[in-house]
1. Are any residues in segment 104-135 crowded, with 23+ Cβ neighbours inside 10 Å and among the polar types (S, T, N, Q), and if so, which ones?
2. Would you point out the residue of segment 42-92, among those that are in contact (Cβ under 8 Å) with a residue 60 or more places away in the chain and not in a helix (DSSP H, G or I), that is surrounded by the fewest Cβ atoms within 10 Å (Cβ to Cβ)?
3. Determine whether ILE101 is on the phi < 0 side of the Ramachandran plot, of a type in the set (A, V, I, L, M) and crowded, with 18+ Cβ neighbours inside 10 Å.
4. Could you pull out the residue among ILE129, ILE195 that is in contact with a Ser or Thr (Cβ under 8 Å, 6 or more places away or on another chain) and either touching a residue at least 12 places away in the same chain (Cβ under 8 Å) or basic (Lys, Arg) (or both)?
5. Would it be correct to say that ILE109 is without any contact (Cβ under 8 Å) to a residue 24 or more places away in the chain and aliphatic (A, V, I, L, M)?
6. Give SER166, SER113, SER181, SER142 a once-over and let me know the one that is within 16 Å of ASP78 (Cβ to Cβ) and among the small types (Gly, Ala, Ser).
7. Of (1) assigned to a helix (DSSP H, G or I); (2) closer than 30 Å to ALA30 by Cβ; (3) out of contact with any Lys or Arg (no Cβ under 9 Å at 6 or more places or on another chain), CYS108 satisfies all except one. Which?
8. Is it the case, given these coordinates, that PHE193 is surrounded by 14 or more Cβ atoms within 10 Å (Cβ to Cβ), of a type in the set (Phe, Trp, Tyr), touching a Lys or Arg at 6+ places or on another chain (Cβ under 9 Å) and closer than 15 Å to LYS59 by Cβ?
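The values are calculated or read from the model by the stated rules, or taken from the named source; none is laboratory data. Please read these numbers as outputs of a predicted model, since none were measured by experiment. Methodologically, a virtual Cβ is constructed for each residue, glycine included, from the backbone with ideal geometry; neighbour enumeration extends over all protein chains shown.
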Amino acid sequence: MSSLNLALGRSKFGNPGNRDRLITLADAVALLDEWVPNERLRLHMRQIGSLMKAWALEKEGADAQTALKWQLAGLLHDADWEKHPESHCRIIIEKLEEMNIDPEVIHCIASHSPRYFGVEPENAMDKMIYAFDELSGFIHASALIRPTRYEGMDVKGILKKLKTPSFAAQVSRDDINDAISRIDHPLEEIIQFVIDHQKEVQ
């Protein structure tokens, strides 16, 4: 994404009157399948959606509606990347605004990479999608080179790989460090959470 100017040029998204208006999970998955032909990218988005839902329930004490909000943001955050890389985030944001979706979901998607989109994470949902995005992909890349995949994976091994610039070089360590600096949880805890929850997502 580094060669593209993806700044959204605004920090307000959606209509406040649409608070708590969400699509169903089934409709979100249908949109994902329609917009994202690449199975690896769809898997990444399902992984982020699952991590977001699990974190909301387990760490934030969220109710089912709020957990769905977190899950939808994770599930759809890269929905326009494959077909519209030059307009990444802008297209899915406009689509969700047209659908009158809760503005918190839209803002969360807009803030998942502040360096590119120019939108700062504001609340816990925003900060966690930023924290999970690069780290999830990095941990999945680590799993793919292991014969046992996620089984037996540990935090120490992931930390070691993070210090190896040549491994998964496309993953921004700077973004990971910046994201972790914005939350009250250490990197080790987030890595363990991803390992524990991501292995179930197929």
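1. Of everything in segment 104-135, those that are crowded, with 23+ Cβ neighbours inside 10 Å and among the polar types (S, T, N, Q) turn out to be SER111, SER113.
2. It comes out as GLU60.
3. For ILE101, the condition - on the phi < 0 side of the Ramachandran plot, of a type in the set (A, V, I, L, M) and crowded, with 18+ Cβ neighbours inside 10 Å - is met.
4. After ruling out the rest, the residue left standing is ILE129.
5. In short, no.
6. Only one candidate passes the filter, namely SER113.
7. (3)
8. Yes: the conditions hold for PHE193.
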